[in-house]
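As structure tokens, the structure follows; a few thoughts come after it.
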Amino acid sequence: MEKVVYVIPNLEYRKGFLKSALVNLVVTDQRIIVAHVKKEMIQKAREEGFFKRISSGWTMHERYYDMSPEDIANEARENFSIPLREIKEVKLKGGNIDEGKKDEMEIKWKEKSKFSGNMNQREIKKKLSDLGVKVKGGELFGF
């Protein structure tokens, strides 16, 4: 049975020239689900007391650990998934906050796509490597 392994929250997904979307990448043991963050979801979280939970350390993306992968994939019309077997490699590149450059992640499969945002690169690399996905970069000075 497919299960959620890791969630990479609040990434900016470049959909095309000057077009982007806020997404969460939900890594399961079979695929990566690109879950779009919609205004309606944020409003619903407000109504459910999300902002009260922030003070306790709970963040909105943590709900994915309690959802089925199918429910996550079907939550928004724009959501899509990439089977792990179709991913050639994932490249991680550190940014520089002082220069206004974000961390970047590039997922190579039949179509090339980039995700950028704040990431714990070491943890991402470990989780994807454990699932058999080739990961390049993501370490400072090769450590």
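The values are calculated or read from the model by the stated rules, or taken from the named source; none is laboratory data. If you're wondering where the values come from, they're calculated on a predicted model, not measured in any experiment. Backbone-built Cβ (ideal geometry, glycine too); neighbour counts: all protein chains shown.
So which residues in the range 86-100 are among the aliphatic types (A, V, I, L, M) and either under 17 Å from VAL34 (Cα atoms) or surrounded by 14 or more Cβ atoms within 10 Å (Cβ to Cβ) (or both)?
Matches in the range 86-100: ILE87, VAL90, LEU92.
I need the full set of residues from the range 101-122 which are loosely packed, with under 14 Cβ neighbours inside 10 Å and either at pLDDT 80 or above or over 17 Å from ARG14 (Cα atoms) (or both), in order please.
Result: LYS101, ASN120, ARG122.
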